[in-house]
Each structure stands twice: as C-alpha cells, then as structure tokens.
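To start, the structure itself, in structure tokens.
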Amino acid sequence: MGLARSWLYVPGHRADLVAKALAGPADAVVVDLEDSVPPAHKQRARETAVETCGSRPEEVWVRVNGAGTDWSDDDASALTGSGAAGLRVPKAEDPAAVAALAERTGLPLHLLIESARGLREAFDLAECHPLIAGVSPGETDLAADLRIRDRRELSWARARIVAANRAAGLPSPIASVWTDLSDRTGLAEDSTAMRDAGFFGRSVIHPGQIDPVHHAFTPDRDEVEQARALLDALDVAGDSAAWVDDRGHFVDPAVVAGARWVTELADALDHSPHDHDEPAGARPGRSNS
C-alpha cells in the first residue's frame, strides 16, 4: 500500500467503469460500495466487487459501507474470502469494531477518519489489529463534523493522522480526494503540499486527476541523483554517525533514512507496470520528503 501514488475510486455498480479503471494508469483501484452507489444498486455493486476481486486477485481494494448501515454486514460477508487486496473502511471510530471486522474478513483494512471521534481514536485505530494497513482522512466528512469551513484549517488534524500511522509503523497516509475536477493546478499544488506534510499518494475520483498526482508523488531526477550520491558518500565515509558532505550539508542517520526512502521509491516506480506519463526530472526540483 505504501508505494501507490493514485487510488482511483470507481462506483461498484458500473462494471464498465471498473474494467476501464483496471486497464488505466492508476496505481490502485478502489471499487466503491458506499457514497457513489445509490441504495437501489448496492447489491449489484457488491456482486461486481466480488467478481472483480475473483478475476484480479490482490489488485482491487473495496470501500465498504460503514458500520451500522443497512449494507455493512452483507458487504463483510460477501468480501470474506474474495481475494480483495483489502477493504477501505469509512467513518472508522471504534477500535473494537474495526478489529472485529479484521478478524471476520481476514483482509487488510485501510481506515478512513471522517469524524471528531475517529480523529480522537486515530492512534488506537492504527494499532487495534495487525491487519490495519493504514489510516487516512476523509476530509469532506471530517471538515463537516468539525464545522471547519476552510479545509486548509485541517492541518492539525492531518498531522495527527500522519503521526498515528508512523507511530504504529504504518506507511504514510493517503491524501484525501480533491473535489474540484476542473482545477488541475490546485490539485497539483495541494498534492505537493500534502506530500511535504507527510502524506504519500492520493485518492482520486476521475482519471484526469491521475497525472498531477503521479507527478507530485514521484521523485524527480535531481532528487534521486542527490540521494544516490549521498548513499555513495556513506559507503566512503564508513560508519561515522554524522558528517558534512561535499556540498556543505550536514548528514546524519535521519538524512540517510530519507535518502534511502527516495531511492527505494524511485527503484520501485521504475519497475511499476504502469507507464510514467512524464520522464523523471520534468518537474522543478524539490526537497526530500
């Protein structure tokens, strides 16, 4: 989960769109059974999700309906043993209920924090079961519950979720959906800001959002070359705890860890089955995340 840059939501009752998404450039596909599916089509969406997981094992995530809804129990029953890569769990609030879902389905769970109560429990949710794969914000619902009008004011909540993931040894959280489909510039700028704030990857709701998200979360050539040079210098410097490199920059174990993350990410993306839309280095340089 920690290497996917784009997570494309697709309404589960639209089998044609699910197939198109799986053939497209998104790093991960999330078949949605929740918000994008009208009540009359929940059963069809569930059947599509199960069929898709059966034909594409370990490639499909499914967002189920939240606990306490009319559909959550049927979702859990249908997806147990489905071969899904994992489940996205909306409105996660109760660590005991989440742990019970993990035990029941045996599937990795990606939890969405969408309420003040969920935010309060973020650290316990992240550690409530070994199958927890990550915890991320669902910012539209979260902002509404907190009565926040400007989503930029969620920075403190985002930081709490970042800390909850890393304290539990989980990957960096996935950024929430950018809802203005016409504003690709805003999406690109916000994705870069989210990356710098400790997030990796982003949920998207349209294929047109994938390119800006991939660009934001792909290390550029200069960044990768600098990271490799630092690691090469580490080999020369030996096991010294800290040193000053040839550019006059102080290097310590934390800087080395950041360089390793950049090079490992770049190597993983080089071997990704998805084509890169733009060569590394096509974007302006940036600092290490």
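Here are the numbers for this structure:
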read-out	value
The one condition in (1) open to solvent by less than 10 Å² (accessible area, probe 1.4 Å); (2) closer than 18 Å to Gly118 by Cβ that Gln209 fails to fulfil	(2)
Sole residue being under 25 Å from Leu17 (Cα atoms) and among the acidic types (Asp, Glu), chosen from Asp190, Asp145, Asp196, Asp180	Asp180
Enumeration of residues in segment 100-129 that are in contact (Cβ under 8 Å) with a residue 60 or more places away in the chain and over 14 Å from Pro173 (Cβ atoms)	Pro108
Helices (runs of 4 or more DSSP H) fully within segment 66-181 counting 1 or more residues that are over 28 Å from Lys42 (Cα atoms)	116-120, 122-126, 139-146, 155-167
Residues that are surrounded by 22 or more Cβ atoms within 10 Å (Cβ to Cβ) and either acidic (Asp, Glu) or out of contact with any Leu (no Cβ under 7 Å at 6 or more places or on another chain) (or both), drawn from segment 120-136	Ala122, Cys128
Any hit, segment 213-225, residues being over 16 Å from the mean Cα position of the chain (by Cα), surrounded by 21 or more Cβ atoms within 10 Å (Cβ to Cβ) and within 30 Å of Arg14 (Cα to Cα)	no
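The values are calculated or read from the model by the stated rules, or taken from the named source; none is laboratory data. Here the structure is a predicted model, which means the values were calculated and not measured. Methodologically, a virtual Cβ is constructed for each residue, glycine included, from the backbone with ideal geometry; neighbour enumeration extends over all protein chains shown. In case anyone asks, the SASA skips ligands and DNA or RNA and just uses the protein heavy atoms, side chains included. Shrake-Rupley method; radii C 1.70, N 1.55, O 1.52, S 1.80 Å.
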